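What follows draws every value from the coordinates through simple rules; no lab data is involved. Note that this is a predicted model, so its numbers are computed, not measured. Backbone-built Cβ (ideal geometry, glycine too); neighbour counts: all protein chains shown.
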Amino acid sequence: YLLDADMRTALAQNDFFMVAQPQVNQHGDIIGAELLIRWQHAELGFISPDEFIGIAEKSGFIIPLGEWIFEQACLCITRLQHTPLKQHIKVAINVSAKQFYQAEFIERISGLISKHKIKVSDIELELTESAMLEDIQLAVTKITALKQIGFELSIDDFGTGYSSLSYLKHLPVDKIKIDKSFVSLIDKREDSRAIVEATMLIARTFKLGLIAEGVETAAEVATLSNMGCNEFQGYYFHKPMALNDFISLLTA
Ligand code: G
Ligand code: G
Ligand code: MN
Ligand code: NA
């Protein structure tokens, strides 16, 4: 079993690293990447974030870990700035609810933005729908403040939060990410297809960007394109990869 102490050691020893999963437009051009954390444990080998993010949230370790993740995004953006690229690339990170609701969150990440002298609009923060619903009033306040500073914000795992949709009109987010659980069933189940259709209508109505995640097949791409989705993330296009490989892919 994993201990909080293991994670603290791992952070100090550089056993955590970020991988990048490219996001593409309808032509397959890379428009951004989601950074995802990975842990190569000295004895246990690879440990999935599904196993340790929850533990880190309970122990409070997610606060220093979340800051480390944010700083990795800053470093990635700096690297991209020093790479000659045809297109502009945005970098997205997942922000855990615990970190988001922390009183000093905005101050801490603003400090890192200044330290690394990057453009705040180059970072996209992904917040899950369920995280925002934990305290919707506070979420609206925080997201409004983050937007004012210039962050891009997206709602991750959209459609899985059992939410009333009325909250959306109060949230100045930029983008919805259609959850992979709906994408994977889009050609198999009418109910999943209906949820995706409803999500697209919501995105249009609220003038939000839209990206489908977990796209694995050409058939899914075709169905989603026909329905009006123009941005994709998933194994069909690119799997998460080492940052060096991501840079190579962009400059190839
Ligand atoms: O990358 P993978 O599919 O293994 O991720 C599994 C889960 O862990 C997903 O829910 C993903 O959002 C989450 N996750 C991956 N990387 C991060 C991260 O850097 N921060 C947080 N908070 N969650 C992450
Ligand atoms: O919870 P979140 O949406 O952040 O999780 C994204 C996770 O989904 C990533 O960690 C990534 O490893 C995983 N993922 C990305 N593309 C695909 C895909 O095409 N199929 C599956 N099964 N998982 C994917
Ligand atoms: Mn995500
Ligand atoms: Na998701």
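Cα centroids of the range 199-215 and the range 25-59: how far apart, whole angstrom?
Measuring centre to centre over Cα atoms gives 24 Å.
If you take every DSSP beta bridge fully contained in the chain, what fraction is antiparallel? Give it as a percent rounded to 5.
40
Ordered by packing density, taken as the mean number of other Cβ atoms within 10 Å over each peptide's residues, highest first, how do 229-242, 141-154 rank?
Result, highest mean first: 229-242, 141-154.
Working out 0.36 nm times the residue gap between Ala198 and Ala5, then minus their Cα-Cα distance, what length gain in nm do you get to one decimal?
Additional length available on full extension: 65.1 nm.
Which of the DSSP-defined H helices in the chain satisfy a minimum axial length of 27 Å, computed from C-alpha atoms, and a minimum mean Kyte-Doolittle hydropathy of 0.0?
Those that pass (Cα extent of 27 Å or more, hydropathy at least 0.0) are 62-81.
For a quick check: sort Met227, Met18 by the number of other beta carbons within 10 angstrom, fewest at the front.
Ascending Cβ contact count within 10 Å gives the list Met227, Met18.
Rounded to the nearest 20 debye, what is the charge dipole size of the range 169-228 about its Cα centre when +1 sits on each Lys and Arg Cβ and -1 on each Asp and Glu Cβ?
Dipole size: approximately 280 debye.
Defining a contact as two alpha carbons under 8 Å apart and six or more residues distant in sequence, what relative contact order in percent does the chain show?
Relative contact order, the chain: 20 percent.
Which one of Ser192, Val19, Ile47 is farthest out on the positive end of the charge dipole of the chain, using unit charges on Cβ (Lys, Arg +1; Asp, Glu -1) and the Cα centre as origin?
Farthest along the dipole direction, towards plus: Val19.
Return the tail of the calculated pair distribution for the chain, meaning the percent of Cα-Cα pairs more than 26 Å apart.
The answer is 41 percent, as a whole percent.
Mind checking which aspartates and glutamates have their C-alpha under 15 Å from Lys119, skipping anything on the same chain fewer than 8 residues away?
Reachable aspartates and glutamates: Glu71, Glu152.
Whose amide H sits under 5 Å from the amide H of Gln23, counting only residues 5 or more places off or on another chain, with H placed in the peptide plane?
The answer is Ile31, Gly32, Ala33, Glu34.
Loop-only check: which GluC sites (Glu not before Pro) in the range 83-150 are DSSP coil with at most 15 other Cβ within 10 angstrom?
Sparse-neighbourhood loop GluC sites (Glu not before Pro): Glu104, Glu134.
Which of the residue pairs Lys58/Lys207; Lys117/Lys180; Lys142/Lys180; Lys98/Lys188; Lys86/Lys239 have a Cα-Cα distance greater than 32 Å in the structure shown?
Violating the 32 Å Cα-Cα cut-off are Lys58/Lys207; Lys117/Lys180; Lys98/Lys188.
Out of all Cα-Cα pairs in the range 160-205, roughly what percent, to the nearest whole number, are more than 16 Å apart?
Value for the range 160-205: 40 percent of Cα pairs lie more than 16 Å apart.
Grab the DSSP H runs of the chain that are 4 residues or longer, score each as -39,500 (n - 2.57), total them, divide by all residues and round the 222 nm result to the nearest 500 deg cm²/dmol.
-13500 deg cm²/dmol
Have a look at Phe61, Tyr235, Thr251 and report the one farthest towards the positive end of the charge dipole of the chain, computed about the Cα centre with Cβ charges (Lys/Arg +1, Asp/Glu -1).
Thr251
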